[in-house]
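K.L.:
One structure, pasted below without further comment.
The values are calculated or read from the model by the stated rules, or taken from the named source; none is laboratory data. Just so you know, these numbers come straight off a predicted model, no measurement behind them. Neighbour counts are summed over all protein chains in view; Cβ atoms, including those assigned to glycine, are modelled from backbone coordinates with ideal geometry.
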Amino acid sequence: MKATPHLESTGLSVSVVVYRPDIDQLSSTLTGVATACDMLQTSRPGLPVTLYLVDNGGLPDCSVALEALRAQGIRCDIIEGHGNVGYGRGHNLAIERSTSLYHLVLNPDVDLAPDALTVALDFFEAHTEAGLLTPWVGDERGQQQFLCRRYPTLLDLFARGFLPARLRSLFTRRLARYEMRDQINGNDIVWDPPIVSGCFMLFRTRLLKKLEGFDARYFLYFEDYDLSLRAHDVTRVVYAPSVRVLHHGGGAARKGSAHVRMFVASAWRFFNRFGWKWL
């Protein structure tokens, strides 16, 4: 099914790209979107919201969750038939269709707090200089995940992603700096973190279109690093901890050899573009 572009003078669009997703987690993500949109529309009655579910392959039956969204007046478009084109290119299929004021890039393993969208749009309306917002991210235990980044070195990536915990502990101070633990916390707004996570990226849509979305040459991994760095050329990026989400994701090394190969290929492309830092 190919979605037809539609015109909005305001509103929010959300894109979720899936490839053989876990149905329970995907349903949880969509339910979280529905709950957050319900609260959003309480403060903004009639606000148009569109969900683009981009099927890169293996989409299970999630009709119950989608019908719950549609019952709230949320338009749901399934984009399918293009095959597994990768994470960034999948989101681009939705971004090119979007004519909303704001666009949320969302992972299918993220649960939104009920007030996440309301607080995020309130923040954008109060801070017109902000064009890309990243939230406080927690794990299943409620502990903060430090997903803002300074520019990485090869040693940072290797130590964080591939060393066993016993050896990784030798790099604790170094990795804490890479993860901006000296600045990122549950209370303080931080302007212009160099790199933010692709699990939740809320943009002003016109700026996202100006950037032409993700660089489709990254199949998986580092597309969010690339887009974050380019976003600084056109707007300000902000970490807003009042916006809260829960992230169930894991690292490449824990997902098998195919993911390790994709990680290495994307890292090579990233450093070739933005500059190599070894140590």
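K.L.:
Do any residues in the range 116-145 that are within 21 Å of residue 225 (Cβ to Cβ) and free of Cβ contacts under 8 Å to residues at least 60 places away in the same chain have Cβ atoms under 9 Å from those of residues that are β-branched (Val, Ile, Thr) and in a strand (DSSP E or B), where the two are at least six apart or on different chains, and which pairs are they?
P.N.:
Note: pairs meeting the criteria are 144/137.
K.L.:
I want to confirm something. Restricting to the range 192-233 and keeping residues that are in a loop (DSSP other than H, G, I, E, B) and of a type in the set (A, V, I, L, M), which single residue is surrounded by the most Cβ atoms within 10 Å (Cβ to Cβ)?
P.N.:
196
K.L.:
Still on this model: Kindly check whether there is at least one residue in the range 30-38 that is farther than 25 Å from residue 209 by Cα, free of Cβ contacts under 8 Å to residues at least 40 places away in the same chain, aliphatic (A, V, I, L, M) and not in a strand (DSSP E or B).
P.N.:
Taking every residue of the range 30-38 in turn, none turns out to be farther than 25 Å from residue 209 by Cα, free of Cβ contacts under 8 Å to residues at least 40 places away in the same chain, aliphatic (A, V, I, L, M) and not in a strand (DSSP E or B).
K.L.:
Somewhere in the range 234-241, is a residue surrounded by 17 or more Cβ atoms within 10 Å (Cβ to Cβ), closer than 22 Å to residue 178 by Cα, modelled with pLDDT of 95 or more and more than 20 Å from the chain's Cα centre (by Cα)?
P.N.:
Checked the range 234-241: no residue is surrounded by 17 or more Cβ atoms within 10 Å (Cβ to Cβ), closer than 22 Å to residue 178 by Cα, modelled with pLDDT of 95 or more and more than 20 Å from the chain's Cα centre (by Cα).
Yes or no, residue by residue, for (1) among the acidic types (Asp, Glu); (2) in contact with a strand residue (DSSP E or B) (Cβ under 9 Å, 6 or more places away or on another chain); (3) modelled with pLDDT of 95 or more:
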{"site": "126", "(1), (2), (3)": "no, no, yes"}
{"site": "147", "(1), (2), (3)": "no, yes, yes"}
{"site": "151", "(1), (2), (3)": "no, yes, yes"}
{"site": "170", "(1), (2), (3)": "no, no, no"}
{"site": "173", "(1), (2), (3)": "no, no, yes"}
{"site": "188", "(1), (2), (3)": "yes, yes, yes"}
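K.L.:
Go through the residues of the range 73-91 one by one and say whether even a single one is among the β-branched types (Val, Ile, Thr) and in a loop (DSSP other than H, G, I, E, B).
P.N.:
Yes: one or more hits.
K.L.:
Then there's this: Residue 223 fails exactly one of the following numbered conditions: (1) touching a helix residue (DSSP H, G or I) at 6+ places or on another chain (Cβ under 6 Å); (2) more than 25 Å from residue 174 (Cα to Cα); (3) in contact (Cβ under 8 Å) with a residue 40 or more places away in the chain. What is the number of that condition?
P.N.:
For residue 223, the failing item is (2).
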